[in-house]
Structures are given as structure tokens and as C-alpha cells.
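One structure below.
The values are calculated or read from the model by the stated rules, or taken from the named source; none is laboratory data. Treat the numbers as computed from the prediction; the structure is a model and nothing was measured. Note: ideal-geometry Cβ built from the backbone for every residue, glycine included; neighbour counts use all protein chains shown. For the accessible areas, the whole protein counts, side chains as well, though only heavy atoms, and no ligand, DNA or RNA atoms are used. Shrake-Rupley method; radii C 1.70, N 1.55, O 1.52, S 1.80 Å.
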Amino acid sequence: MAKTFRIGTRRSPLALKQVEEVVVALKKFYPDFNYKIVGIDTYGDKDKITPISEIEGTDFFTKEIEEALLEGEIDFAVHSAKDLPDKIPQGLAIAAITKSIDPYDALVSKNNLEIDKLPYGAKIGASSQRRKEQLKRYREDFEIVDIRGNIEERLEKLETNNLDAIIVAACALVRLGLENRITQRLPFEILKPHPLQGSLAIETRENDRELIDLLGLLNEK
């Protein structure tokens, strides 16, 4: 374990917390595990305009990291599992999907009102098409507004964009130490989350069997 492994990740505070989570888990098996974080800007980090609903299932948040893997610039990558593209590039493999730390979608409301207490016509910020459609089915009066950005930027938009509430993944707030911002974890009958919400995906080259075996110790799926 003398080798230092290069871990590719997006640069956001949440992405760095996710890497920290993986490193802590690996050190339980390999106390001498050495690593270097390699921050990579993806197109999804630069483009804060395109709605998430238009790019779901694509490599919007992974392409540049996966290219770095294929070019040997990093040894493995840590992603939010739900950001994985529907098709993994040839030459790469998912070594592990970790156990979800919190699968729920969270309501964060300006006045700490739970979803049934929000006023008629409440303006709610959401990103994915899944969230938008389910919210509208639950209460047709809601005005659903598309929001983009990292978690801190979305929380700021709650205040600056005249929103009554936003919907974000509870796991993101937990990882960032912002669990106190959660007004309500929404029951699955209101919002059914992405099946991989709260889990992390660890990706490496498919021919690196030794590293796949090492990382596979974190696999919970």
C-alpha cells in the first residue's frame, strides 16, 4: 500500500466530502492507504444554465473525469452514483456502489413549513424532471421553478429567487453538515427518489483488477 492513489473528483464542497467518505472507508481496510485528490472541472460544473431534466442519463457531470481515467491521469474516480451516465465508456468499470447514507429528497422551506403547509401556489425550486413531475402530481397548485448549481448555490437561491421552498437530496445536506436545514424528509409516496440517491460510485479502468478488488470492498449493491 505504499503507492499513492490519485482520486479524480469534481471540485465542489460536496464532491470533496464524498471523496473524504470513501477514503475513510478504505482506511478501515487499509490503514496505510495513501491518496492525492485531483480536482477536475466538468462541463456540468461550468454550465449552470442547462436544466438537469435535459441532460439526465448523460455524461454531463462525468465526461472529463472519465477521460482523465482513460488517459491514466487518475487511478479512480468518485461520483454521486445518480450522476453516472446510462452507458459507461469502454475501458472503464464501476468497482463499487456504496450504501446510501440517506435516500430521501428533502424539502427546505423559507418559513420551515412542511409540504402540506405551504401556501397555495407556492413557488418551489427543483432540478430533476422526476422531482418536478412528482411534485406537480402531488399538488397541482405548486409553481415549479428550475434551479441549478451546487447545494450552497441552491440554498442561496431560496432567499434570492423569491422561492417558498427548494427540493434537494437529503444526503447532500447530511454530507455537508447542513442537516439542520432540512424542513422535511419527503415520504416516498410523495417523492420517490432516484434508486441510487445517497450512494457513491467508484469508477476505475476495467483492466486494473487489483484496484477493482481493493475498491470492491466498499460495494454494497
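Worth a mention:
- Taking the criterion of being in contact with a Phe, Trp or Tyr (Cβ under 9 Å, 6 or more places away or on another chain) and either small (Gly, Ala, Ser) or open to solvent by less than 10 Å² (accessible area, probe 1.4 Å) (or both), the residues of the range 194-221 that qualify are GLN197, GLY198, ILE202, GLU203, THR204, LEU211, LEU215.
- None of LYS27, LYS36, LYS82, LYS87 is without any contact (Cβ under 8 Å) to a residue 24 or more places away in the chain and not in a loop (DSSP other than H, G, I, E, B) except LYS27.
- Every test in (1) in contact (Cβ under 8 Å) with a residue 60 or more places away in the chain; (2) open to solvent by 50 Å² or more (accessible area, probe 1.4 Å) is passed by LEU176 save one, and that test is (2).
- Residues that are open to solvent by 40 Å² or more (accessible area, probe 1.4 Å), in contact with a helix residue (DSSP H, G or I) (Cβ under 9 Å, 6 or more places away or on another chain) and not β-branched (Val, Ile, Thr), drawn from the range 140-156: ASP146, ASN150, GLU152
- Filtering the range 83-132 to residues that are aliphatic (A, V, I, L, M), modelled with pLDDT under 95 and touching a strand residue (DSSP E or B) at 6+ places or on another chain (Cβ under 6 Å) leaves LEU84, ALA126.
- So GLU140, is it over 30 Å from TYR35 (Cβ atoms) and either part of a loop (DSSP other than H, G, I, E, B) or not β-branched (Val, Ile, Thr) (or both): yes
- Some residue of the range 53-75 being assigned to a strand (DSSP E or B), modelled with pLDDT of 95 or more and surrounded by 19 or more Cβ atoms within 10 Å (Cβ to Cβ): no
- The one condition in (1) at negative phi; (2) open to solvent by 20 Å² or more (accessible area, probe 1.4 Å) that GLY121 fails to fulfil: (1)
- Of the helices (runs of 4 or more DSSP H) lying entirely inside the range 143-221, the ones with 2 or more residues being over 16 Å from ALA81 (Cβ atoms) are found at 151-160, 209-215.
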